[in-house]
Amino acid sequence: MPKKLFIKVFVILIVLVLLMVLNFYLQSTPTFLDRPTKLSSITETIELNYVNWACDCANFIETKYALNDPNYETQEQDCIFIEPANAKLKLPERYFEKDHFEKKLRLTGQFYLKKGIPRFYEQKTPEKPAPARVFRYTKFKMVKFQRTEKPK
């Protein structure tokens, strides 16, 4: 009897440890469960600025906020993720390294209906990003800022 009890306790401990490891993984790593799935039926063209946050979080903001209010300060809840419709549409690295200082993005695509983390999201820190709106684009263009425009 004590041997059977030992085996049961051991199995329960193993299951608990596995559940704790799984829980840690799901809290720190984006998975398919975090991805939004249903796209809006509305195709739109939006203009965005890149926001270089010091965290893993949504890092693009629509230019409409600054256009409507010249004193606007970037808010995390206004930021969005972007997701290319396919790998060929991925933004070039030079955009993140240099071009975002001189150019905004003009994207055509659709928003997902629910917040989430995009499929091709590249995690930069151990922290899992908070879900945000995701725009899935099928076309992009880098556009030079006008003299009166400047990214915030």
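Below, the figures for the structure above:
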{"item": "Residue among Phe140, Phe120, Phe135, Phe111 that is touching a strand residue (DSSP E or B) at 6+ places or on another chain (Cβ under 9 Å) and more than 17 Å from Ile61 (Cβ to Cβ)", "result": "Phe120"}
{"item": "Whichever residue in region 1-51 is assigned to a helix (DSSP H, G or I) and in contact (Cβ under 8 Å) with a residue 60 or more places away in the chain and, among such residues, is surrounded by the most Cβ atoms within 10 Å (Cβ to Cβ)", "result": "Asp34"}
{"item": "Single condition Ala66 does not satisfy, out of (1) free of Cβ contacts under 8 Å to residues at least 60 places away in the same chain; (2) farther than 23 Å from Thr125 by Cβ; (3) of a type outside the set (D, E, K, R)", "result": "(1)"}
{"item": "The listed residue being more than 29 Å from Lys38 (Cβ to Cβ), surrounded by 14 or more Cβ atoms within 10 Å (Cβ to Cβ), without any contact (Cβ under 8 Å) to a residue 60 or more places away in the chain and not charged (D, E, K, R), out of Phe140, Phe145, Phe101", "result": "Phe145"}
{"item": "Leu107, sole failed condition from (1) assigned to a loop (DSSP other than H, G, I, E, B); (2) under 16 Å from the mean Cα position of the chain (by Cα)", "result": "(1)"}
{"item": "Every residue from region 104-120 that is surrounded by fewer than 20 Cβ atoms within 10 Å (Cβ to Cβ) and either of a type in the set (A, V, I, L, M) or modelled with pLDDT under 85 (or both)", "result": "Leu113, Phe120"}
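The values are calculated or read from the model by the stated rules, or taken from the named source; none is laboratory data. Note that the structure is predicted; figures quoted are calculated from it, not measured. Backbone-built Cβ (ideal geometry, glycine too); neighbour counts: all protein chains shown.
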